Amino acid sequence: ARQAGLQMAPSDIFANQTVAELAAVSNSETADLAEQGLVTGSVPLTPIQKWFFAQDSTEPNNWNQSLWLDLAADLNVAAFSAALQHLLTQHDALRLRFQRTESGWQQMLPESATAVPVHNIDLSKLPESERERKMEQTAIALEGSLSLENGQLVQTALFHFVPDLPVRLFITVHHLAIDGVSWRPLLEDLESAYQQICQDKAVNLPQKSSSFKQWAERLQAFSQSPSVSAAALFWANNLGQNALLR
């Protein structure tokens, strides 16, 4: 509906459970859209990011989420690689770069993105018993190569077998840039960009809603609002009293 220019709230879908009822409450007014294209500049750390860096881990780079997917046997590797790069513009968090300073960790979105390498690995000549071991070794190495300070938050590998078998994709992303909910829109955009490139079309992905930068700035402002400060003080006082009672 949004891509068709119709605006409605999620609550409208539950309150109006027929097409006719939804048509009555939806509208085609232009909604406030986030900045499109390449979003750049300094980004405040979110509360969970502050918590992460407060742990002072000896291996802050080695904290990720990964997926294994089967792709078509006739995968166009060049088109897949190009589609992957489009994700860096569409999903700003994949371009985050972190820097350790005297005042603590800071993050920013640079004007240019570090390209996501696509490692093509031919397993067709290996015995089947050794293929799993090779894939596991490669996955561990790629997870260990993520770098917060160098802006390398994404790594991928394509494992090729005999021609009629699916290509196996391994993709890993640092957890500061992705969570479990984020995978679905990310993979949908990857597939959409790939199909458009294969059809010699310009890549046209859905318009962005709130960017990560905008969301982080609003979250920071909200966390410093009087209502949140009052709630935090209330819970701190009550938790302290409950602790004394116990």
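Would you kindly state how much longer the chain becomes between residue 11 and residue 38 on full extension, computed as 0.36 nm times their sequence separation minus their alpha carbon distance, in nm to one decimal? Mind showing how you got there, number by number?
On the way: separation 27, 0.36 × 27 = 9.72 nm, distance 3.10 nm.
Extra length available between residue 11 and residue 38 comes to 6.6 nm.
Take the Cα of residue 181, go 7 Å toward its beta carbon, and the backbone nitrogen atoms of the range 210-231 under 13 Å from that spot belong to 210.
Per 0.36 nm of contour for each residue apart, how much would the distance between residue 149 and residue 20 grow if the chain were fully extended, relative to their Cα-Cα spacing?
Numbers: separation 129, 0.36 × 129 = 46.44 nm, distance 5.18 nm.
Contour length minus the Cα-Cα distance gives 41.3 nm.
If you roll a 1.4 Å probe over the range 13-120 with all protein chains in place, what percent of the accessible area is carbon or sulfur? C and S fraction of accessible area: 51 percent. Shape verdict for the range 1-130, please, from the Cα gyration tensor: rounded (a/c under 1.5), prolate (a/b greater than b/c) or oblate. Cα axes put the range 1-130 in the oblate bin. Shown is the FRET efficiency for residue 120 and residue 62, computed with R0 = 25 Å from the Cβ-Cβ distance and rounded to the nearest 0.05: 0.55. Charged side chains reduced to their Cβ positions (Lys and Arg at +1, Asp and Glu at -1) give the range 98-143 a dipole of some 80 debye around its Cα centre. Which of 150, 171, 160 sits farthest toward the positive end of the charge dipole of the range 124-172, with +1 on the Cβ of Lys and Arg and -1 on the Cβ of Asp and Glu? Farthest along the dipole direction, towards plus: 160. Put +1 on the Cβ of every Lys and Arg and -1 on every Asp and Glu Cβ in the range 1-150; which of 85, 42, 99 then has its Cα farthest towards the positive end of the dipole? Going by the Cα projections, it comes out as 99.
Taking Cα centre as origin and charging only the Cβ of basic (Lys, Arg, +1) and acidic (Asp, Glu, -1) residues, the dipole magnitude of the chain rounds to 520 debye. From the coordinates of this entry, semi-axes √(5λ) of the Cα gyration tensor in Å is computed, and it appears in (i) 29, 21, 16; (ii) 36, 29, 18; (iii) 47, 30, 15 under the label (ii).
For the range 69-132, give the magnitude of the charge dipole about the Cα centre (Cβ charges: +1 Lys/Arg, -1 Asp/Glu; no others), in debye to the nearest 20.
Working: 5 positive and 9 negative charges, 61 e Å.
The dipole magnitude comes to about 300 debye.
Please sort by residue number the chymotrypsin sites (Phe, Trp or Tyr not before Pro) in the range 1-91 whose DSSP state is loop and whose Cβ has at most 16 other Cβ atoms within 10 Å. For chymotrypsin sites (Phe, Trp or Tyr not before Pro) across the range 1-91 that sit outside H, G, I, E and B with at most 16 neighbouring Cβ atoms in 10 Å, the list reads 63.
Less than 17 Å from a label point 7 Å out along the Cα-to-Cβ axis of residue 72: which backbone N atoms in the range 167-197 qualify, by residue? Of the residues in the range 167-197, 167-169, 188-197 have backbone N under 17 Å from the label point off residue 72. Taking GluC sites (Glu not before Pro) across the range 135-178, the ones in a DSSP loop with at most 12 further Cβ atoms lying within 10 angstrom of their Cβ are 149.
For residue 131, the accessible surface of its heavy atoms amounts to roughly 40 Å² (probe 1.4 Å, protein chains only, rounded to the nearest 10). Per residue, the accessible area of the range 1-124 comes to 62 Å², computed with a 1.4 Å probe over protein heavy atoms only.
Enumerate the helices in the chain for which the Kyte-Doolittle hydropathy averages 0.5 or more and the C-alpha atoms extend at least 27 Å along the helix's axis, using complete DSSP H runs. Intermediate results must be reported in sequence, preceding the final value.
Numbers: long enough: 226-245 (29 Å, 0.64).
Membrane-span-like by this criterion, though nothing is claimed about a membrane: 226-245.
The values are calculated or read from the model by the stated rules, or taken from the named source; none is laboratory data. Note that the coordinates shown come from a computational prediction; the quantities given were computed from them, not determined experimentally. Virtual Cβ from ideal backbone geometry, glycine too; neighbours counted across all protein chains shown. Just so you know, the surface numbers come from the protein's heavy atoms only, side chains and all, with ligands and any DNA or RNA stripped out. Shrake-Rupley method; radii C 1.70, N 1.55, O 1.52, S 1.80 Å.
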